[in-house]
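The values are calculated or read from the model by the stated rules, or taken from the named source; none is laboratory data. Nothing here was measured: the structure is a model prediction, and the numbers come from that model. Every residue, glycine as well, gets a Cβ built from its backbone with ideal geometry; the counts of neighbours run over all protein chains shown.
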Amino acid sequence: MTIVLNISLLFGAIALGLIGAALLALSQDKHWRVVTGSAPKSSRRLARQIGWGIAILILPLCIARDGASFGALLWPLILQLSAVGIAIIIATNPAWLKPLSIVLQRPEQ
Amino acid sequence: MNAHRDFRSAMTWLHSWVGVLIGALLFVIFWFGTMTVMMYPIDRWMMPETRFESSDAELDADAIVERALNLKPQDQIDTIEIIYPNYGVPYAHAHIYYEYSDPVSERIDLRDGSLLDPAQTLGGSGFLYPMHITLHLPGNLGWWIVLLGGLTMLLLLVTGTIAHRKFLVDFFTFRTNRKLRRSSLDLHNLAGAIFLPFHFLIVVSGITVWVGWYASLPWEFLHKTVSNHNPSIEILTNDLFNKGDAYMHYAPFEREISEETAQVAALGPMIEQAEAIWTERYGEIAKATHIGLDHPGNAGGTVVIARETPQNRVELSRDGVFYDAASGTLLYDKVANPVQIVRTWLSGMHFIQFDHWLIRWFYFISGLVSCLTIATGFVFWTASRSDKHSAKRPFKVRFVEAVTIGATTGTIAATAMFLVANRLIPEGADLFGRARASLEVWAFFVIWIASVLHAAIRGAHAWREQCFVIAILGVSAVLLNWFTTGDHLAATIWTGYWPVAGVDLVLLAGAFVAAYAGPSLSRSARHHTHPQNSVGQPIEPAE
């Protein structure tokens, strides 16, 4: 049971890390253009705030998985690798982030 | 405004020149540091006789000490150190240090208490790890050079953040479809910026790990010359800098050596009591990891039961319980103070002696990214100069290029050769009066020096050629491991023996990356041989 919990916490943390990094990337005009192909309509401060919020939210997940000592070390490592993952996606397959950009556009309409 | 621009261009200038001058050293330190993260799996790979699972059997410290005491006359023994098995080492170590003769090291198989044959290789922990901290230079020279490297890295992190500030605005940018110069700059910025937390933590912790050694040097000087061995200054320096930390995390307990000899009391009860003390103090099961005996067999001898490297937390521990060796009475129970706890976290996150495979792999990847940051910085520097001087490149560019290639692909090829030599040279080999352990080191340095010379002759072509050598060596190492030990990848993965499977997989992955990266790294070489390619191309200003 603990193994299942450990694995789901880990994958949850990595998935959240990727989403958070993707939101931070989409909050920047340059990457928004690469992903959607259109000019950004408004400032996406919300995306940035949620992105950072998620990045911070991963810390309790790491601590829940490994305790404070290891969790505090695991946290920045997961954030770094997620950011690299998103950078590679933007460089190779930016279309993968399109669903997220559609979600972000909705509140404006 | 102008002052700002001056400041930034000054930082850019500083970053590129310090990087070019010290970058080769930094790559070497980071590369061997990254290897050190995996030194125990590398040890298992290089020492096939130790490829067994750790036993649950208790370590019989009394039997180990009794055997050690009878090797040579007891009064010649300075210290005996016993190291328990850990997550990566399935056997115990005993090191016996003598007053006037060479130390003796034993490897004890806990399954039956027998001794393993002496290791015929230095392995990861005996060669790659010392390379990281001393570069195998004599005396303290290596320590100072590595410290200089660490301080320079801090300078590069700060100046680099200012020099490449434009990138921080466009975080996540990596243009793969551009010229080598552009994509190497992107990669340098991306890897440098995203991994800034890791770079910073690992460098700061690396510097503070040894602070007890070099920061105490002026005090020691005062102590020896001005104060004429004033005891109060000695206590001050010990308290401030935890002297002895650099070498042993349980500082030796100073006692007068007696004239009389004495039997060593049974160690079992001491270990039990020490573990009970820690378990009660921390509310968790605490196990001893090290036992030290200072002048055993002497009436003034000391035993320390220490918990230097707890497996279940990041921090190294400073717990140590000291006993009188002859009577077994408790002398002193050492507890870390708050400042020391901060330092033990920093040391612990740098040494990564805990049992956490996930963090270990993240470290390994982060370390490789650090190497990539340094290497791409070099590639950008030389590629920019190649564009400008495509017809005739100045000596400084050729020189930097040779050093760079020798330090990057050359270091990697030499490390791969170290592993290949380990499997290629039979045990008990003797060539020019040198045993296998020494021949492996020779193979390493021969390849390393050859790669610098090769780079000096071949220029930018050397990138591709040395990457090709790395790919060949990586695949050969995996095949040789299969042929000489029978532990091929399918078998090690099937039985879940990850230390060896992991090394094999990383070797194959490294060979693949080298084969893939080589041709693109030499793109600048084509510019060099066909100057018309770059004629008329606008030179973009360096960032």
Taking segment A:43-70 and keeping residues within 13 Å of another protein chain (Cβ to nearest Cβ) and of a type in the set (Gly, Ala, Ser) leaves A:51, A:55, A:67, A:68, A:69
Only one of (1) more than 27 Å from residue B:474 (Cα to Cα); (2) at pLDDT 80 or above does not apply to residue B:392, and that is (2)
Q: Report yes if some residue within segment B:56-71 is touching a His at 6+ places or on another chain (Cβ under 7 Å), assigned to a helix (DSSP H, G or I), surrounded by 15 or more Cβ atoms within 10 Å (Cβ to Cβ) and of a type in the set (Gly, Ala, Ser); otherwise report no.
A: no
- Taking the stated definitions as given, is residue B:94 touching a residue at least 24 places away in the same chain (Cβ under 8 Å) and either over 29 Å from residue B:124 (Cα atoms) or part of a strand (DSSP E or B) (or both)? yes
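Residues checked against (1) touching a Phe, Trp or Tyr at 6+ places or on another chain (Cβ under 9 Å); (2) buried (at least 21 other Cβ atoms within 10 Å of the Cβ); (3) closer than 25 Å to residue B:201 by Cα:
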site	(1), (2), (3)
A:13	yes, yes, yes
A:21	yes, yes, yes
A:24	yes, yes, yes
A:28	yes, no, no
A:33	no, no, no
A:36	no, no, no
A:40	yes, no, no
A:51	no, no, yes
A:63	yes, no, yes
Within segment B:265-295, the residues that are hydrophobic (A, V, I, L, M, F, W, C), surrounded by fewer than 20 Cβ atoms within 10 Å (Cβ to Cβ) and part of a helix (DSSP H, G or I) are B:276, B:277
Only unsatisfied item for residue B:438, checking (1) part of a helix (DSSP H, G or I); (2) in contact with a helix residue (DSSP H, G or I) (Cβ under 8 Å, 6 or more places away or on another chain); (3) under 25 Å from residue B:38 (Cβ atoms), is (2)
Within segment B:178-198, residues under 28 Å from the mean Cα position of the chain (by Cα) and of a type in the set (Gly, Ala, Ser) come out as B:184, B:191, B:192, B:193
Within segment B:296-308, the residues that are part of a loop (DSSP other than H, G, I, E, B) and surrounded by 22 or more Cβ atoms within 10 Å (Cβ to Cβ) are B:296, B:301, B:307
Per the list (1) within 24 Å of residue B:190 (Cβ to Cβ); (2) crowded, with 18+ Cβ neighbours inside 10 Å; (3) more than 9 Å from chain B (Cβ to nearest Cβ), residue check on residue A:80 breaks on (3)
Scanning segment B:157-202 for residues that are charged (D, E, K, R) and at the interface with another protein chain (Cβ under 8 Å from one of its Cβ atoms), the one surrounded by the fewest Cβ atoms within 10 Å (Cβ to Cβ) turns out to be B:175
*Of the residues that make up segment B:390-412, is at least one surrounded by 15 or more Cβ atoms within 10 Å (Cβ to Cβ), more than 23 Å from residue B:19 (Cβ to Cβ) and in contact with a Gly (Cβ under 9 Å, 6 or more places away or on another chain)?*
no
Of those in segment A:89-109 that are touching a helix residue (DSSP H, G or I) at 6+ places or on another chain (Cβ under 9 Å) and of a type in the set (Val, Ile, Thr), the residue farthest from the other protein chains (Cβ to nearest Cβ) is A:102
Flagged in segment B:265-321 as of a type in the set (Lys, Arg) and away from chain A (no Cβ under 14 Å), in numbering order, are B:281, B:287, B:307, B:318
Within segment B:455-502, the count of residues that are free of Cβ contacts under 8 Å to residues at least 40 places away in the same chain and of a type in the set (Val, Ile, Thr) comes to 7
- Item | Any chance residue B:341 is at pLDDT 90 or above, closer than 30 Å to residue A:77 by Cα and within 14 Å of another protein chain (Cβ to nearest Cβ) | no
If we ask which residues in segment B:144-156 are under 18 Å from residue B:195 (Cβ atoms), surrounded by 18 or more Cβ atoms within 10 Å (Cβ to Cβ) and hydrophobic (A, V, I, L, M, F, W, C), their number turns out to be 2
Over segment B:419-440, the set of residues touching a residue at least 60 places away in the same chain (Cβ under 8 Å) and more than 17 Å from residue B:505 (Cα to Cα) is B:422, B:427, B:428, B:435, B:436, B:437, B:440
Of the listed residues (B:367, B:377, B:348), the one being in a helix (DSSP H, G or I), within 11 Å of chain A (Cβ to nearest Cβ) and surrounded by 22 or more Cβ atoms within 10 Å (Cβ to Cβ) is B:348
Among helices (runs of 4 or more DSSP H) entirely inside segment B:116-185, those with 2 or more residues being free of Cβ contacts under 8 Å to residues at least 12 places away in the same chain are B:141-163
